[in-house]
1. Every residue in the stretch 104-129 that is assigned to a helix (DSSP H, G or I), over 12 Å from residue 84 (Cα atoms) and touching a residue at least 24 places away in the same chain (Cβ under 8 Å), please.
2. If we scan the stretch 86-103, do we find a residue that is assigned by TED's automatic domain parsing to the domain that holds residue 45, under 16 Å from residue 28 (Cβ atoms), under 13 Å from the mean Cα position of the chain (by Cα) and free of Cβ contacts under 8 Å to residues at least 24 places away in the same chain?
3. For the structure I just gave you, tell me whether residue 54 is surrounded by fewer than 16 Cβ atoms within 10 Å (Cβ to Cβ), in contact with a strand residue (DSSP E or B) (Cβ under 9 Å, 6 or more places away or on another chain) and in the same structural domain as residue 95 (by TED's automatic domain parsing).
4. Could you tell me how many of the residues in the stretch 107-127 are more than 27 Å from residue 65 (Cα to Cα) and at pLDDT 85 or above?
5. On the given criteria, is residue 7 at positive phi and modelled with pLDDT under 90?
6. With the condition being closer than 25 Å to residue 118 by Cβ and out of contact with any helix residue (DSSP H, G or I) (no Cβ under 7 Å at 6 or more places or on another chain), I'd like the strands (runs of 3 or more DSSP E) fully within the stretch 1-91 carrying at least 3 qualifying residues.
């Protein structure tokens, strides 16, 4: 019988929820080994979870999958941190890393949530272009109105 989590969620249910999160969820153990990452990692790094789980965050960073690395700082500071990372696929991520501290004040896990900001940046640029275009059209309409009234 599968383990049941309060609220009647099984482990499989929880796995499905995490895997279908749009944001990346990335978990490393106290040694910096990836123990879980959801399917969003494929959009960010071009690797399936099976290509990341079991690897060291230090080797992933050295191989250029992301920079700068946030986890070493979290291990040193033992506090939540947020920073912007660039991935090997050119994605701009905002990453929040939260240490999970055990009863002996040691880091048991670091849980990272990553949001792809590349789309938001593109939307900002599109919005700015649209504003500029609207302003240009407004000026042209004013100019045409002036020309039209000057004929009468």
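The values are calculated or read from the model by the stated rules, or taken from the named source; none is laboratory data. Since we're looking at a predicted model, the values are computed, not measured. Positions of Cβ are generated from backbone atoms using ideal geometry, with glycine treated the same way; all protein chains shown enter the neighbour counts.
1. Of the stretch 104-129, the ones assigned to a helix (DSSP H, G or I) are 118-129.
Then keep just the ones that are over 12 Å from residue 84 (Cα atoms); that gives 119-129.
Hit for the stretch 104-129 is 121, nothing else.
2. yes
3. Values: surrounded by fewer than 16 Cβ atoms within 10 Å (Cβ to Cβ): yes; in contact with a strand residue (DSSP E or B) (Cβ under 9 Å, 6 or more places away or on another chain): yes; in the same structural domain as residue 95 (by TED's automatic domain parsing): yes.
Considered against the rule, which asks whether it is surrounded by fewer than 16 Cβ atoms within 10 Å (Cβ to Cβ), in contact with a strand residue (DSSP E or B) (Cβ under 9 Å, 6 or more places away or on another chain) and in the same structural domain as residue 95 (by TED's automatic domain parsing), residue 54 comes out as yes.
4. Narrowing the stretch 107-127 to residues more than 27 Å from residue 65 (Cα to Cα): 126-127.
When the remaining residues are screened for being at pLDDT 85 or above, the result is none.
Going through the stretch 107-127 one residue at a time, the tally reaches 0.
5. Values: at positive phi: yes; modelled with pLDDT under 90: yes.
So residue 7 fits the description; yes.
6. On the way: elements: 24-29, 34-37, 81-87.
Fully inside the stretch 1-91 and qualifying: 81-87.
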